[in-house]
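Colleague: Sharing a structure below in structure tokens format, with a few things to ask.
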Amino acid sequence: MTLRITVLGSGTSHGIPMIGCRCAVCTSDDPRNRRTRTSAAVRLHEQTLLIDTAPELRLQAVEHGIDRIDAVAFTHAHADHVMGFDDLRRFAELAEKPIPVYASPSTLASLYRLFEYALTDARLTGFGIPIVEWHALSEPVELDGHRVTPVSLQHGESPTTGLRIDAPDGASLAWCPDCCGIPAASVDLLRGLDVLFLDGLRHKPHPTHFTVAEAVEAIRNLAPREAWLIHMTHDLDHAETEASLPQSDDVPGGIHLACDGLVVDVAR
Ligand SMILES: [Zn+2]
Ligand SMILES: [Zn+2]
Ligand SMILES: [Zn+2]
């Protein structure tokens, strides 16, 4: 079975089209310019790992046929990555067991504050809460025969947890949204990848996100086989940006712009 990732959302915190914006991208007919908040589903062996619970989780799952989630890993607790948390209720119902949730200790602390109601006894609420099992993610964990490694990334004042996933056959991918720098210790954890997904917000500089040019430079340095930019604002028209992305011999599969619904099979 091949490691398969479905990009459920590829947009920044506002989503595209943005409320009240009539720019060329927000009014575009190109479906690739419609971006829900950044999130992904990774099919491991038989299980599916969800990365983040975007505000549109229910719509994303219905649209892209995600009818089973076996575990969730969070990158950080910003609203655009967690506000679909309540939709885990349905996945726990379907699984008939609690959904394991993995996050760094500081992200867990934020999730406890944001979703305090999910810490109550499910029986007292008539099971109207997402029934989850909380796990701190500080070291690599084994999920469905795959190794999931947390990778610390800079994102303003608090770090983000990028996720590297290694399949038993050696296929590997990493999902790194929301970052503006990769600490030296994390660079080594992101080498030798088949596929890298990396924050590529827009062209204009931003204090907590990579610009397209910064992302491309980081990608060239890490030299994955193939790379995709994620978490884009309405500044980036899909076709125009995809056509103008600089390429590199170090990234033979190319550097591309992701879009909602993109499916990448990662094979060795
Ligand atoms: Zn716009
Ligand atoms: Zn974000
Ligand atoms: Zn963020």
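Bear in mind that the values in this text are calculations on the coordinates, not laboratory data. Every value quoted in this text rests on a predicted model; they were computed, and no experiment measured them. Don't worry about glycine lacking a Cβ; one is built from the backbone with ideal geometry, like all the others, and counts go over all protein chains shown.
Colleague: For the list (1) under 30 Å from Met18 (Cα atoms); (2) of a type in the set (A, V, I, L, M); (3) buried (at least 24 other Cβ atoms within 10 Å of the Cβ), I need the number of the one condition that Leu190 fails.
Modeller: (1)
Colleague: Please work out which one of (1) closer than 23 Å to Gly84 by Cα; (2) surrounded by fewer than 13 Cβ atoms within 10 Å (Cβ to Cβ); (3) free of Cβ contacts under 8 Å to residues at least 24 places away in the same chain is the condition Gly128 fails and give its number.
Modeller: Among (1) closer than 23 Å to Gly84 by Cα; (2) surrounded by fewer than 13 Cβ atoms within 10 Å (Cβ to Cβ); (3) free of Cβ contacts under 8 Å to residues at least 24 places away in the same chain, Gly128 violates only (3).
Colleague: Do you know which residues across segment 49-65 are out of contact with any His (no Cβ under 7 Å at 6 or more places or on another chain) and crowded, with 19+ Cβ neighbours inside 10 Å?
Modeller: Selection gives Leu49, Leu50, Ile51, Thr53, Pro55, Glu56, Leu57, Gln60, Ala61.
Colleague: Being without any contact (Cβ under 8 Å) to a residue 12 or more places away in the chain and more than 30 Å from Ala171 (Cα to Cα), is that true of even one residue in segment 133-143?
Modeller: No, there is no match, as no residue in segment 133-143 is without any contact (Cβ under 8 Å) to a residue 12 or more places away in the chain and more than 30 Å from Ala171 (Cα to Cα).
Colleague: A further question follows. From the set of residues in segment 9-48 that are within 11 Å of ligand 1 (Cβ to nearest atom), buried (at least 22 other Cβ atoms within 10 Å of the Cβ) and of a type in the set (A, V, I, L, M, F, W, C), which is farthest from Leu111 (Cα to Cα)?
Modeller: Taking the candidates together, the pick is Val25.
Colleague: Tell me the helices (runs of 4 or more DSSP H) entirely within segment 1-120 that contain at least 2 residues that are free of Cβ contacts under 8 Å to residues at least 40 places away in the same chain. Even if it seems obvious, please write down each step before you answer.
Modeller: Details: elements: 57-63, 79-82, 88-95, 105-114.
Counting at least 2 such residues, we get 57-63, 88-95, 105-114.
Colleague: Let me ask another. Can you tell me which residue within segment 69-107, out of those that are more than 17 Å from the chain's Cα centre (by Cα) and of a type in the set (A, V, I, L, M, F, W, C), is nearest to Arg147 (Cα to Cα)?
Modeller: Ile99
Colleague: In segment 150-159, what residues are in contact (Cβ under 8 Å) with a residue 40 or more places away in the chain and either buried (at least 19 other Cβ atoms within 10 Å of the Cβ) or part of a helix (DSSP H, G or I) (or both)?
Modeller: Once the filter is applied, which keeps residues that are in contact (Cβ under 8 Å) with a residue 40 or more places away in the chain and either buried (at least 19 other Cβ atoms within 10 Å of the Cβ) or part of a helix (DSSP H, G or I) (or both), segment 150-159 yields Pro150, His155, Pro159.
Colleague: Could you grab me the full set of residues in segment 57-111 that are within 16 Å of ligand 3 (Cβ to nearest atom) and of a type in the set (D, E, K, R)?
Modeller: Asp80
Colleague: Determine the pairs where a residue that is under 16 Å from Arg220 (Cβ atoms), located within segment 163-191, has a partner that is within 16 Å of ligand 1 (Cβ to nearest atom) and outside any loop (DSSP other than H, G, I, E, B) with Cβ atoms under 8 Å apart, the partner being 6 or more residues away or on another chain.
Modeller: Pairs that qualify, where the first residue is under 16 Å from Arg220 (Cβ atoms) and the partner is within 16 Å of ligand 1 (Cβ to nearest atom) and outside any loop (DSSP other than H, G, I, E, B): there are none.
Colleague: Considering only segment 199-220, I want to know if a residue exists there that is surrounded by fewer than 15 Cβ atoms within 10 Å (Cβ to Cβ), in a loop (DSSP other than H, G, I, E, B) and free of Cβ contacts under 8 Å to residues at least 24 places away in the same chain.
Modeller: Restricting attention to segment 199-220, the residues satisfying the condition of being surrounded by fewer than 15 Cβ atoms within 10 Å (Cβ to Cβ) are 203-205, 207, 213, 217.
Filter once more, so that each one left must be in a loop (DSSP other than H, G, I, E, B): 203-205, 207.
Now restrict to residues that are free of Cβ contacts under 8 Å to residues at least 24 places away in the same chain: 205.
Within segment 199-220 (the criterion being surrounded by fewer than 15 Cβ atoms within 10 Å (Cβ to Cβ), in a loop (DSSP other than H, G, I, E, B) and free of Cβ contacts under 8 Å to residues at least 24 places away in the same chain), the answer is yes, since at least one residue qualifies.
Colleague: Give me a count of the residues in segment 121-141 that are in a loop (DSSP other than H, G, I, E, B), more than 18 Å from the chain's Cα centre (by Cα) and within 18 Å of Asp70 (Cβ to Cβ).
Modeller: Qualifying residue count, segment 121-141: 2.
Colleague: Right, Asp199: within 22 Å of Ser13 (Cβ to Cβ) and in contact with a Pro (Cβ under 9 Å, 6 or more places away or on another chain) or not?
Modeller: yes
Colleague: If you take the residues in segment 146-166 that are farther than 15 Å from Ile5 by Cβ and of a type in the set (D, E, K, R), which one is farthest from ligand 2 (Cβ to nearest atom)?
Modeller: My answer is Arg147.
Colleague: Which residue out of Ile16, Ile66 is β-branched (Val, Ile, Thr), more than 13 Å from the chain's Cα centre (by Cα) and within 16 Å of ligand 2 (Cβ to nearest atom)?
Modeller: Ile16
Colleague: I would also like to ask the following. Restricting to segment 31-55, give me the number of residues that are away from ligand 3 (no atom under 16 Å from the Cβ), under 14 Å from Ile16 (Cβ atoms) and out of contact with any helix residue (DSSP H, G or I) (no Cβ under 7 Å at 6 or more places or on another chain).
Modeller: Selection size over segment 31-55: 2.
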